[in-house]
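Peer 1: Quick one: the structure is below, questions incoming.
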């Protein structure tokens, strides 16, 4: 998650601008790519946007309350400050809450610039507010605790064996919800490709498979095309669908059953897929890196400096007992209720609500949008 925050910092500099003109720092990085367009299809000026929005929208969108360029610069500076403290693991709980609220506010100011990368950051920042071990290792807070010889936070229960710290498998409502969110992302994306009416992600795609159309523009794509040729790309195309549908299920089951090597193989396969996308499809590097970071929730604690105790006897029963016990903690109970409301809202929005075409009037299409069926059809 720390790496995700490091990616989050340049993202707010690179992809967003608001007010009546773009921020100077955005111009420095993006030149004129993301200029504010005062039309119906882009970010609207405040005097046009505000009359369309409801009270909840205006209350949550802090960026809508100020029209001057200096005010937007101040908000951006505050957002970068919290992104930095979250990246280095200093006051992580406060930083994660502030980062999520500011990112949501910035997205509401620029609803027409809300893409899949923004949804990734939206959900990762949201769940980071509730993760129990956000600053346990590789952070300023962890260093300060070690220097002051303080115990880690109550969310992790350590036992000392010589110089090694050990811990049981970490389970919390946020971790379970984040793993299920990852499962949904790839199920939605994979099934969308599998059921594509154009069959662009099948071996029998006509005239060209999806990889043959997407993987053409970068240097890595040119090398890939030279090595594999048209038939090789056609053969590889359906493997993307199989990886998206299979790896999340294997990782989730392996995590539940304590099969750590199986989980690591699944994570390695899906991350290799995203690295391949970053190298062969243009403008996908940041998205691919964030997608890889999301899978860190599946990695065992020992990889980050925590060794698990004993031989993990009766691992499955311990996990089941932990799920029952975790709701007795008041913080975990509040976390469970908050996440349940958030997830229920997403289900409501995707199945019942009729707000998907009103992103500039209500917050729901920005706050609760949870669809991931991207790259479904091959380019014509």
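Just so it is clear, none of the values below were taken in a lab; they were calculated from the coordinates. Predicted model only: the values in this text are computed from it and were never measured. Ideal geometry is used to build each Cβ from the backbone, glycine not excepted, and the neighbour counts take in all protein chains shown.
Peer 1: Could you please let me know if residue 94 is crowded, with 20+ Cβ neighbours inside 10 Å and within 20 Å of the chain's Cα centre (by Cα)?
Peer 2: Spelling it out, it is not the case that residue 94 is crowded, with 20+ Cβ neighbours inside 10 Å and within 20 Å of the chain's Cα centre (by Cα).
Peer 1: How many of the residues in the range 192-211 are buried (at least 16 other Cβ atoms within 10 Å of the Cβ) and within 23 Å of residue 247 (Cα to Cα)?
Peer 2: The qualifying residues number 11.
Peer 1: Taking the range 255-288 only, how many residues are over 20 Å from the mean Cα position of the chain (by Cα), free of Cβ contacts under 8 Å to residues at least 24 places away in the same chain and surrounded by 19 or more Cβ atoms within 10 Å (Cβ to Cβ)?
Peer 2: 0
Peer 1: Sticking with this structure for a sec: Of the numbered conditions (1) within 30 Å of residue 45 (Cβ to Cβ); (2) within 16 Å of the chain's Cα centre (by Cα), residue 112 fails exactly one; give the number of that condition.
Peer 2: Of (1) within 30 Å of residue 45 (Cβ to Cβ); (2) within 16 Å of the chain's Cα centre (by Cα), only one is false for residue 112: (2).
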